[in-house]
Amino acid sequence: MFERVDFAGGWRLWFAFSAVLLLASIAAIAFGRLNLGIDFQGGAQFTVANAESEFGTEEVVDALPADVAEDSVVTTLGENGYEVRTPVISEQEEREIRDSLSETLGGEVSVTSVSPAFGEQLRNQALQAVVAALLIIVAFISIRFEFAFAMAAMAALIHDILMTVGFYAIFNREVSLVTVVAVLTVLGYSLYDTIIIFDRIRENTPSVGYNRRRFDETINTSIRQVIRRSIYTSLFTLIPITALLIFGEATLSDFAFALLVGILAGTYSSIFIASPVLSLYKAWRANAAARKTPQRA
């Protein structure tokens, strides 16, 4: 099935496919469709459990003050449960909303508030965690393999992050701390897949000399040796994740969505992005070294 696929030489096709999805993802983020939750932008979250009966979204919104209702988001949580997210409000408004929801819907109402300053701090810490993870990965692969492999793996991981966050924006999913956990999980999964392929490439590469055609053939042979295992592993991993996406509640569904997109992107990038980037980088470096070598008369 994969014997005729030129994984290294067909990079233009693989990159073009990714470019279309990445441009759509970046456009969605640039146009402000990334829905940051209260963890990152501040606000209040009211959770209503065991309401007296089932209410429609409009009925829940009607229980909020008019100036707050416009910017609030109502989510249904299972049976007779509701979650109301509002922008930053005062303590008095928080008490009024809690009392109003309790009186209108019945049940137990709990409140979680996050200040804008704390949300900004969490956002910065999340970015720092992702950057630190990427730097550690580059250092590890540079030591375990060589710098060319690290650059290729970095390209694939950035591809996976942009794809996951971009699809969150396209489908207007809420970005929370759970999303950060999912992204870091995706990084680990994608790296695992990439390392398997890189390890096989290193084993199959001759120890002396570099020739691009021979190296590209080595990449293709190495991928064919492990591609079925990568695909089967991803498919069996996606089965429970898909079930969680379909049947899970809001938070679990968002987490499953990030894993679903990330694992699909990671499986694709480890085969069709990381290895071609490795081939192109090695060829560029060889050409640069050849230009620097003085020609004999």
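The values are calculated or read from the model by the stated rules, or taken from the named source; none is laboratory data. No experiment lies behind these values; they were computed from the predicted model shown. Positions of Cβ are backbone-derived with ideal geometry, glycine not excepted, and every protein chain shown enters the neighbour counts.
Can you tell me which residue within region 160-174, out of those that are closer than 15 Å to Phe31 by Cβ and β-branched (Val, Ile, Thr), is surrounded by the fewest Cβ atoms within 10 Å (Cβ to Cβ)? Step by step, filter region 160-174, then rank; the result is Ile170. For region 163-177, filtering for residues that are at pLDDT 85 or above and part of a helix (DSSP H, G or I) leaves 8. Take the conditions (1) touching a Phe, Trp or Tyr at 6+ places or on another chain (Cβ under 8 Å); (2) crowded, with 18+ Cβ neighbours inside 10 Å; Arg224 misses just one of them, which is (2). The test for being assigned to a helix (DSSP H, G or I), within 11 Å of the chain's Cα centre (by Cα) and not hydrophobic (A, V, I, L, M, F, W, C) holds for Asp160.
Tallying residues that are in contact with an Asp or Glu (Cβ under 9 Å, 6 or more places away or on another chain) and within 16 Å of Ser115 (Cα to Cα) within region 44-88 yields 6. On the stretch given as region 124-152, residues that are farther than 25 Å from Ile219 by Cα and touching a residue at least 12 places away in the same chain (Cβ under 8 Å) total 4. Inclusion of Leu278 among residues that are loosely packed, with under 15 Cβ neighbours inside 10 Å and either under 21 Å from the mean Cα position of the chain (by Cα) or modelled with pLDDT of 90 or more (or both) is not warranted.
Among the residues of region 1-29, the one identified as under 21 Å from Leu280 (Cβ atoms), in contact (Cβ under 8 Å) with a residue 24 or more places away in the chain and charged (D, E, K, R) is Asp6. Out of Thr218, Thr194, Thr185, Thr251, one residue alone is surrounded by fewer than 20 Cβ atoms within 10 Å (Cβ to Cβ), modelled with pLDDT of 85 or more and either β-branched (Val, Ile, Thr) or over 30 Å from Val74 (Cα atoms) (or both). It is Thr185.
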